[in-house]
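*Asks:* Here it is: the structure, laid out below.
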Amino acid sequence: MGQVDGKVAIVTGGTSGIGEAVVRLLVREGARVIVVARGEARGMRLERELGRQRAQFLRGDVTVEATAVAAVAEASRFGGPDILVNSAGVDFVKSVCDTSADELNQVLATNLVGAFVMLRIVGQAMLDRSSGSIVNVTSRTASVGVAGMGAYSASKGGLLALTRTAAIEWASRGVRVNAVAPGVTETPLINEWVEGQPQPGLFREQLGASIPQGRLGQPEETAQAIVFLASDEASHIVGISLAVDGGYTAA
Ligand SMILES: NC(=O)c1ccc[n+]([C@@H]2O[C@H](COP(=O)([O-])OP(=O)(O)OC[C@H]3O[C@@H](n4cnc5c(N)ncnc54)[C@H](OP(=O)(O)O)[C@@H]3O)[C@@H](O)[C@H]2O)c1
């Protein structure tokens with residue numbers, strides 16, 4: 001029997017990196033997943049590979065409310081939603097002084113407002129059924145300062161604060177909300193950032209050395225934490241932030 005047998009999950013950003021690893025693990029553990037992202041090619045490829053019965057792609061942008069509504073409609077056709085993983089996110093690296101209000105708003109639109117809208121609309125459907133589990137993917141930057149990550153950390157800090165508030169508002173109504181805070185994890189998002197550096201090899205080495213464990217995380221390692229919190233095995237865990245960062249925020 002799988003960890004999430006028979007559950008119906010919605011995973012935003014499920015076509016790449018951490019979200020994709022979550023989709024694969026949820027499917028392996030017995031769930032049916034609605035995979036939400038904007039890019040059709042990767043979504044359709046994943047759907048073909050895992051089978052539409054298991055991983056159904058839903059094209060949508062989390063900054064648009066209709067996406068959350070459509071995801072709930074799809075999930076409810078199969079008796080869900082039981083699980084929501086908010087993994088859709090964009091990276092942004094610039095010093096605070098160089099960041100414009102427009103740039104900040106763009107980052108917030110996906111990482112905070114998009115996640116908020118998904119949480120509210122999917123959460124409402126869960127509250128109606130008195131059952132559900134939501135995991136928001138935040139970041140180490142929600143808890144510690146990282147130079148150059150002002151707008152990004154503001155979005156993730158906001159998402160962590162939202163996680164805690166929704167968690168206590170809904171705790172007695174059968175819906176659990178938690179966060180997973182990854183450290184630097186080897187995904188396309190990070191690889192793009194590293195490749196954009198003047199000396200990518202050296203930069204990658206330095207990144208690894210900045211982590212107590214001495215290496216970057218793998219998306220599958222983060223997915224294990226997310227699926228655990230999403231599952232009934234975490235039935236008394238409410239409003240936490242689980243760091244998966246090789247010790248970065250413990251240092
Ligand atoms: N990798 C890390 O080191 C790291 C560390 C800490 C936190 N995180 C967080 O972990 C999450 C996943 O990151 P990742 O590294 O796996 O990134 P990734 O490989 O770039 O994947 C991002 C996913 O989000 C989707 N997405 C982006 N904007 C979207 C939007 N507006 N609407 C719907 N889908 C959208 C992308 O698909 P489309 O572009 O096709 O829409 C893609 O599926 C993010 O929230 C990120 O901030 C990552």
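Please treat every number below as a calculation from the coordinates, not as lab data. As the structure is a prediction and not an experimental result, all values here were calculated from the model. No Cβ is skipped: glycine too gets one built from the backbone with ideal geometry, and neighbour counts run over all protein chains shown.
*Asks:* Kindly write out, for the stretch 133-141 in residue order, the coupling ³J(HN,Hα) from the Karplus curve 6.51 cos²θ - 1.76 cosθ + 1.60 (θ = phi - 60°), rounded to whole Hz, with x marking Gly and Pro.
*Replies:* Per residue, the Karplus-derived 3J(HN,Hα) values read 9, 10, 10, 9, 8, 9, 5, 4, 5 Hz.
*Asks:* Per-residue ellipticity at 222 nm for the chain, helices alone: DSSP H runs ≥ 4 residues times -39500 (n - 2.57), over residue total, nearest 500 deg cm²/dmol?
*Replies:* -13500 deg cm²/dmol
*Asks:* Under a Cβ-only charge scheme (Lys and Arg +1, Asp and Glu -1), can you give me the dipole magnitude of the stretch 1-82 about the Cα centre, in debye to the nearest 20?
*Replies:* 240 debye
*Asks:* Each residue of the stretch 171-183 in turn: what ³J(HN,Hα) in whole Hz from Karplus with 6.51, -1.76, 1.60 and θ = phi - 60°, glycine and Pro shown as x?
*Replies:* Values, residue by residue: 4, 8, 10, x, 10, 9, 10, 9, 10, 10, 10, x, x Hz.
*Asks:* Mind listing the phi-derived Karplus ³J(HN,Hα) values for the stretch 187-192, rounded to whole Hz, using 6.51, -1.76 and 1.60 with θ = phi - 60°, and x for any glycine or proline?
*Replies:* 10, x, 4, 6, 4, 5
*Asks:* Could you identify which residue out of 71, 21, 147 has the top mean-square fluctuation in a GNM of the chain using Cα springs shorter than 10 Å?
*Replies:* With Cα springs under 10 Å in the chain, the top fluctuation among 71, 21, 147 is at 147.
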